[in-house]
Amino acid sequence: MKKRIVLLIIGIFIIGLLVTTYKIGIVGADSGFDASYDSGSSSSDSDGGSIFYLIYLCIEYPPLGLLVLGIIIAIIFSNNKNKNEITNKALTSKLELLDINKYDINKQLEIEAFNIYKTIQFAWMNFDTDTIRKYTTDEMYNMYLMQLETLKVKNQKNLMYDIRYIDSKIVNKYEENNQETYVINMVVSCHDFIIDTNTKKTVRGNPSYKYRYTYELTFVKTVDNKELDICPRCGAPVDSNNSGVCEYCNSTLISNNYTLVMSKKEMKYQKRT
């Protein structure tokens with residue numbers, strides 16, 4: 001009886017060890033590479049030790065070993081199936097923005113900022129550099145462009161979906177050179193991971209988990225609400241039908257078509273929920 005109890009305890013320990021090793025191998029990624037996250041590979045020492053114990057158990061106590069092996073295979077198969085379903089959902093996700101009109105004036109600006117943030121994240125996910133250019137300053141656009149080029153070289157894609165607004169607050173506001181600047185602390189949640197574009201397999205992050213991100217976002221807009229007739233950077237005439245970019249110097253044009261543009265994004269905190 002005591003021997004069976006000992007074997008049972010060993011079996012439970014090995015199941016817990018293997019499942020834990022499998023679960024913690026991948027942690028959250030972030031869009032734009034703002035937050036830190038580990039690689040998708042698990043610890044070789046943990047895997048090696050777990051496999052050794054499993055082989056030993058199968059040789060010495062075949063019934064218990066096969067039972068443990070069957071349970072592990074079932075868990076892994078179920079987890080992979082869920083990941084595939086989540087990946088397909090992320091690939092077919094649509095951009096849905098919050099209704100600004102439901103809020104008061106101050107909150108409207110915060111919600112507009114969230115909608116712009118979400119639009120940029122969606123554009124980032126789909127390598128839509130034209131949209132990113134419309135809603136970011138030149139410095140921000142160039143940062144995103146370089147990061148997207150890195151993903152292309154690696155044949156990778158950052159998938160984000162179910163981006164939800166949690167909270168936000170304007171923490172600073174100032175005016176300079178006919179331009180208003182807003183610094184907003186914003187909390188959002190989403191699924192966030194990176195896949196190989198050829199195999200569709202997850203290489204960083206974990207699609208099974210959702211993460212809560214706290215950002216400090218900076219947005220700028222022109223003080224007046226009139227169309228720009230000249231580029232503020234080079235002085236060239238601006239076509240009223242332009243795409244939000246000066247055709248002479250390629251700088252982003254901030255007009256009432258896009259009230260706010262993002263000038264800075266800083267990750268303050270991240271947590272798996």
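The values are calculated or read from the model by the stated rules, or taken from the named source; none is laboratory data. Everything numeric here is computed off the predicted structure, so don't read it as measured data. Cβ sites come from the backbone with ideal geometry, for glycine too, and all protein chains shown count toward neighbours.
Worth pointing out:
- In region 101-123, the residue that is nearest to the chain's Cα centre (by Cα) out of those that are crowded, with 21+ Cβ neighbours inside 10 Å and of a type in the set (V, I, T) is I120.
- Qualifying residue in region 259-266 (condition: farther than 28 Å from R164 by Cα, of a type outside the set (D, E, K, R), modelled with pLDDT under 90 and assigned by TED's automatic domain parsing to the domain that holds D192): no
- Against the test of being among the charged types (D, E, K, R) and surrounded by 20 or more Cβ atoms within 10 Å (Cβ to Cβ), the options K152, K134, K173, K200 yield a single qualifying residue, K134.
- Failed criterion for S208 (all others in (1) surrounded by 17 or more Cβ atoms within 10 Å (Cβ to Cβ); (2) over 22 Å from S263 (Cα atoms); (3) at pLDDT below 90 hold): (1)
- The listed residue being buried (at least 19 other Cβ atoms within 10 Å of the Cβ) and closer than 27 Å to K89 by Cβ, out of N158, N126: N158
- Subset of region 157-180 (residues that are out of contact with any Gly (no Cβ under 9 Å at 6 or more places or on another chain), modelled with pLDDT under 95 and of a type in the set (S, T, N, Q)): N177, N178, Q179
- N172 vs. criteria farther than 26 Å from C231 by Cβ and in contact with a helix residue (DSSP H, G or I) (Cβ under 8 Å, 6 or more places away or on another chain): no
- Residue match in region 132-144 (condition: out of contact with any His (no Cβ under 8 Å at 6 or more places or on another chain), on the phi > 0 side of the Ramachandran plot, of a type in the set (D, E, K, R) and not in a strand (DSSP E or B)): no
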